[in-house]
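**Q** This is the structure I want to talk about, given as structure tokens.
Computed from the coordinates by the stated procedures, all read-outs in this text should not be read as laboratory data. Source: prediction; values computed, not measured. Because the Cβ atoms are built from the backbone with ideal geometry, glycine has one as well, and the counts that use them run over all protein chains shown.
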Amino acid sequence: MNILIVEDEPGLQLGLTDLFEEAGHTTEVRDTGKGAIQYLRDQTPNLVILDLGLPDIDGTRVLEFAHQNHPRLPVMVLTARANDSDIVLGFKMGAFDYVTKPFSPRVLLARTEALLQRTGSEPPTTITGNKAVLGDLVVDFDRYEAFRGDALLHLTTREIELLRILFSHGGKPVHRNDILDEVWGMDSEAGPRTVDTHIALLRKKIEPNPDRPTYIISQRGIGYKLVLGGGGSN
């Protein structure tokens, strides 16, 4: 499992890296909030360990970004902020767990392993030939069919093509203009709002809760991306 460590104190960076790598995980370290956000724009780790007291921006902004863009990505806050109000705020903003400093490395590792086990139980994303699986959603691009379990979803040809382009980018953001060119054609008079309308209709058919989408996520100023594998690596 790949763990993103967001911590600015060098000694603690080293200690956490050693702790997780000795347990068989890989790690990435970022010492600023902006660096963490940039990493999360391009990659999806299996877990984030997040300090809130960062030198450039408050760690709650990283937590908010992670929750909005990777809603199933587990984030464990690791911070000196031990007030009840801080802890409650952390959970409200999307933290999966909240650990205060100082902490026991053994206990932290145990909580990390438990969190990875819980969140890693979702069915992964797989793409085989022209068939893709995302959780309980199966899309057959040859037959232009989609199923949830045994139930056939009544998707239009254009909705299947929307899923195709999102899957083909491996969880990375796809610009609205690229979606327009691929799905509607370069000569089409359709505009970005057309993409938004069709994405909204598609969400109603495939999302467990269309008002809080977990599969197709908006990327402000860009377009959309597909969240793959319940927080697994892209």
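**Q** For the Cα atoms of the chain, what angle does the longest principal axis make with the long axis of helix 192-206, in degrees from 0 to 90, nearest 10?
**A** Helix 192-206 sits roughly 80 degrees off the main axis of the chain.
**Q** With runs of 4+ DSSP H residues as the only contributors, calculate the mean residue ellipticity of the chain at 222 nm using -39,500 (n - 2.57) per run, divided by the residue total and rounded to the nearest 500.
**A** Numbers: 8 runs with 89 residues, N = 234.
For the chain, the value works out to -11500 deg cm²/dmol.
**Q** I need the P(r) histogram for the stretch 126-226: all alpha carbon pairs, bin width 5 Å from 0 out to the longest distance, whole percents.
**A** 2, 12, 25, 27, 20, 10, 3, 0
**Q** Restricting attention to the stretch 131-234, which GluC sites (Glu not before Pro) occupy a DSSP loop and are surrounded by at most 11 other Cβ atoms within 10 Å? Could the numbers behind the result be given before it?
**A** On the way: sites: E145, E159, E161, E182, E189; in loops: E189.
Within the stretch 131-234, the qualifying GluC sites (Glu not before Pro) (loop, at most 11 other Cβ atoms within 10 Å) are E189.
**Q** How much of the DSSP bridge set in the chain is antiparallel, in percent, rounded to the nearest 5?
**A** Working: 20 of 36 bridges.
Taking every DSSP beta bridge within the chain, about 55 percent pair in antiparallel fashion.
**Q** Using 26 Å as the Cα-Cα cut-off, could you pick out the over-long pairs in K204/K225; K131/K225; K131/K205; K92/K131; K34/K92; K131/K172?
**A** Values: K204/K225 16 Å; K131/K225 18 Å; K131/K205 18 Å; K92/K131 37 Å; K34/K92 21 Å; K131/K172 19 Å.
Over 26 Å Cα-Cα: K92/K131.
**Q** Then there is this: For the stretch 2-119, what is the Kirkwood hydrodynamic radius in Å, using each pair of distinct C-alpha atoms?
**A** Taking the inverse mean of 1/r over all distinct Cα pairs, the stretch 2-119 comes out at 13.9 Å.
**Q** So how many Å³ per residue does the convex hull of the Cα atoms of the chain work out to? Walk me through the numbers on the way to the answer.
**A** On the way: hull volume 30.4 nm³, N = 234.
Given the Cα convex hull of the chain, per-residue volume reads 130 Å³.
**Q** How far, in degrees from 0 to 90, does helix 59-69 lean away from the longest principal axis of the Cα atoms of the chain, to the nearest 10?
**A** Here the helix axis deviates by roughly 20 degrees.
**Q** Could you sort 79-89, 218-228 so that the peptide with the highest average Cβ count within 10 Å comes first and the rest follow in order?
**A** Sorting 79-89, 218-228 by mean packing, highest first, produces 218-228, 79-89.
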